[in-house]
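In what follows, a structure is listed as structure tokens, so that the remarks can point back to it.
Taken together, the values in this text are just the output of simple stated rules run on the coordinates, not laboratory data. All values reported here derive from a predicted model rather than from experimental measurement. Note that each Cβ is placed from the backbone with ideal geometry, even for glycine, and that neighbours are counted across all protein chains shown.
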Amino acid sequence: MATSVVPAFLGSSPQTLPPLPWAENALEPTISARTIGIHHGKHHRAYFDNLHKLLAGTPLEQASLEQIIMQSHDQPALADVFNNAAQAWNHNFYWNSLSPAPGAPSEKLQAAIARKFGSVDALAKALVATSASQFGSGWGWLVLDRGELAVVKTSNAETPFTRGLVPLLTVDVWEHAYYLDYQNRRPDYLVATVSRHLNWAFASANLDRV
């Protein structure tokens, strides 16, 4: 997949803060309602608010998040635009990557997991380890890389589709995602979240659309 390809299968994301796909307390006790409320209502909202200010009166003012990300990536003059657009997009994806009732991977995704990792448990351990090893702020991802599953990490606002990777799931390892509940215990947050709340239906649907 070429690095210039926008992942159209994800849809066209407007510059609007979407509502959470579940109630703020739906992931308790793993992630508290207080954390979700601040994370979504303040941090996530701020990325959209900043983006609107940065793009006012520019050709990108009405563009989708995906278009903004691809046009601003690796453009030093547009670094602030990229950071806010990509963080807005990553958070949209993160909320949908989690679920109060995670279910199980589809047969297609289960087969892909077995080929690459051997089992869902092995994949979960790889995702936790990779995400925990991210130095500083960033993200852990399950992606499709040239037809094969992979676990990768990105720093700050970076997102896999600028590299030509197809994101299937993500976990947030910025401190605001877990610090109120776990303080400096990032691995504990990751183990609890990955083992209890990955939205396998979302990941399966993303794989099916490729």
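Listing for the model above:
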| read-out | value |
| --- | --- |
| Two-site label geometry, Val191 and Arg45: point separation in nm, points 7 Å out along Cα→Cβ | 3.5 |
| Lysine pair count for the chain [Cα-Cα under 17 Å; pairs on different chains or 8 or more apart] | 4 |
| Additional length obtainable on full extension of the chain from Ala23 to Ala205, 0.36 nm per residue less Cα span | 63.3 nm |
| Estimated FRET transfer efficiency (Ala33, Asn184; beta-carbon r; R0 35 Å; 0.05) | 0.95 |
| Top of Gly140, Gly164, Gly57 by mean-square fluctuation, Gaussian network on the chain, Cα under 10 Å | Gly57 |
| Segment 107-208: C-alpha pair distances exceeding 24 Å, % | 18 |
